[in-house]
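Shown next, in structure tokens, is the structure this report addresses.
The values are calculated or read from the model by the stated rules, or taken from the named source; none is laboratory data. The model shown is predicted, which means the values in this text are computed figures rather than measured ones. Don't worry about glycine lacking a Cβ; one is built from the backbone with ideal geometry, like all the others, and counts go over all protein chains shown.
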Ligand code: ATP
Ligand code: MG
């Protein structure tokens, strides 16, 4: 799966709509301190289903919504869309939206879906919110100092078999 485009509105510091094309290969994000590099990566992880506000450097999930500045009022919602092309050349659009007081919702190609559907889509594609393909600050040392069982989980996700575990867990709880 190749992520080809990222669209953000009201996500953290990206108060105005931003639309980014992502070319094939390795992508680096550069810019001065505080310009929003980490926020961009967090937007990707968030739209892929990240459920931990803390791992997005927030206290609660609504902290991803633009909180306002001295000159601009806060926003009521944040929305991030990921466009990706799967192996069969089919484009998928995954949208996550959060509204103050109303929680998160996901859409897959325009249809309402569960968080689990989005997690499975990306788990099978060896991407996903916790994928080693997304390298954020502190992640390098985290990989080096990971416990064997944690490193195994990273390898399984990279190998594209993490989705099997998710499904097995689901099957076991039925
Ligand atoms: P560094 O080079 O220091 O790692 P960076 O480019 O990764 O910086 P980010 O951490 O992505 O920068 O962005 C930090 C900026 O985002 C800060 O100015 C912070 O105030 C702003 N920010 C974070 N959350 C929100 C929010 N909910 N609303 C508005 N601004 C926010
Ligand atoms: Mg950063």
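Here are the numbers for the structure shown:
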{"item": "Residues within segment 55-72 that are in a helix (DSSP H, G or I) and either within 16 Å of ligand 2 (Cβ to nearest atom) or farther than 23 Å from residue 123 by Cα (or both), tallied", "result": "5"}
{"item": "Filter result (in a loop (DSSP other than H, G, I, E, B), in contact (Cβ under 8 Å) with a residue 12 or more places away in the chain and surrounded by 11 or more Cβ atoms within 10 Å (Cβ to Cβ)) within segment 73-111", "result": "75, 76, 86, 100, 109"}
{"item": "Positions within segment 155-166 being assigned to a helix (DSSP H, G or I) and surrounded by 13 or more Cβ atoms within 10 Å (Cβ to Cβ), in sequence order", "result": "156, 157, 158, 162, 163, 165, 166"}
{"item": "Flag if residue 87 is at pLDDT below 95 and out of contact with any strand residue (DSSP E or B) (no Cβ under 6 Å at 6 or more places or on another chain)", "result": "yes"}
{"item": "Selection status of residue 123, under 17 Å from the mean Cα position of the chain (by Cα) and either at pLDDT below 85 or within 16 Å of ligand 2 (Cβ to nearest atom) (or both)", "result": "yes"}
{"item": "Hits in segment 15-63 (condition: in contact (Cβ under 8 Å) with a residue 40 or more places away in the chain, touching a helix residue (DSSP H, G or I) at 6+ places or on another chain (Cβ under 6 Å) and within 11 Å of ligand 1 (Cβ to nearest atom))", "result": "42"}
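Yes/no per residue for (1) at negative phi; (2) within 11 Å of ligand 2 (Cβ to nearest atom); (3) assigned to a helix (DSSP H, G or I):
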| position | (1), (2), (3) |
| --- | --- |
| 5 | yes, no, no |
| 8 | yes, no, no |
| 24 | yes, no, no |
| 29 | yes, yes, no |
| 38 | yes, yes, yes |
